[in-house]
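Written out below as structure tokens is the structure these notes cover.
Throughout, read-outs are computed from the coordinates displayed, never taken from laboratory work. Everything numeric here is computed off the predicted structure, so don't read it as measured data. Note that we place each Cβ from the backbone using ideal geometry, even for glycine, and neighbour counts take in every protein chain shown.
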Amino acid sequence: MKIDLTELKNQPGAAAVFALTQEFPAGWLERDGCFLHSPVTLEAEVRNAGPSFSVGARVTAELKVICDLCLAETVQPISFSFDDEWAPAERAAGAAQEQLDTTLFFAKDEVELDDRLREFFLLHLPMRFVCRPDCRGLCPSCGADLNAGECDCRRETDPRLTALLDFLGESE
Ligand SMILES: [Zn+2]
Ligand SMILES: [Zn+2]
């Protein structure tokens, strides 16, 4: 995903809105259990603020995620906003360390956004994914999906009872 700032560069104080949609490979986010399920849409307002550009952007996409509790796949929308600062690569030489850490430097008036976009995605993804807020997960003993109903082993939590039933041949 690229944004060309050739025109905006010559208009100090001016702003422009860029709307871009791009398809990435499903595994592009490089996060376990989380895949892109749609193209990524970016809407960015970029302001020419002297040597650098200040950016306010909004990202939307659909993810296919694997529920941490029941392992079911679900499709979930994600959208988030971020602010950023972009500067021409030649400014990097005189920049303070703090600015180097927070600024995206670009060459030839063209901002290459892919890596930056992935960083912001990873910042905004939830810590874990669940298929729905009340997901009941899998039974720790037999692995049954408890969203589909109770499993038989849930009543036999006491191992001494299980052993006794085994002995009596009634554990089937
Ligand atoms: Zn689930
Ligand atoms: Zn079970």
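Taking 7 Å along the Cα-to-C-beta vector as the label spot, tell me the Met1-Glu98 distance in nanometres, rounded to one decimal.
Spacing of the two 7 Å Cα→Cβ label points: 2.8 nm.
Can you tell me the dipole magnitude for the chain around its Cα centre, using point charges on the Cβ only (Lys, Arg +1; Asp, Glu -1), in Debye to the nearest 20?
It works out to roughly 320 debye.
Want the number for Lys9 to Asp114: 0.36 nm per residue separation, take away the alpha-carbon distance, what's left?
35.7 nm
Using only the Cα atoms of the range 1-44, what are the Rg and Dmax in Å?
Taking only Cα atoms of the range 1-44, I get Rg and Dmax of 14.8, 44 Å.
Given only helices, namely DSSP H runs of n ≥ 4 each adding -39500 (n - 2.57), what is the per-residue ellipticity at 222 nm of the chain, to the nearest 500 deg cm²/dmol?
For the chain, the value works out to -5000 deg cm²/dmol.
If each residue of separation counts as 0.36 nm, what is the full-extension length gain between Asp152 and Asp32 once their alpha-carbon separation is subtracted?
Between Asp152 and Asp32, full extension yields 40.0 nm more.
So if we plug the beta-carbon distance of Ala49 and Ala72 into 1/(1 + (r/R0)^6) with R0 = 41 Å, what FRET efficiency do we get, rounded to 0.05?
With R0 = 41 Å, the Cβ-Cβ based efficiency is 0.35.
Given an 8 Å cut-off on Cα distances and at least 6 residues of separation, report the relative contact order of the chain as a percent.
Taking the mean separation of contacting Cα pairs over the length of the chain, I get 18 percent.
Using only the alpha-carbon atoms, how far is helix 159-168 inclined from the longest principal axis of the chain? Give it as 0 to 90 degrees, nearest 10.
40 degrees
Looking at the chain only, what percent of DSSP beta bridges run antiparallel? Nearest 5 please.
Beta bridges within the chain, antiparallel portion: roughly 90 percent.
For the chain, what does the convex hull of the Cα positions come to per residue, in cubic angstrom?
Per residue, the Cα convex hull of the chain comes to 147 Å³.
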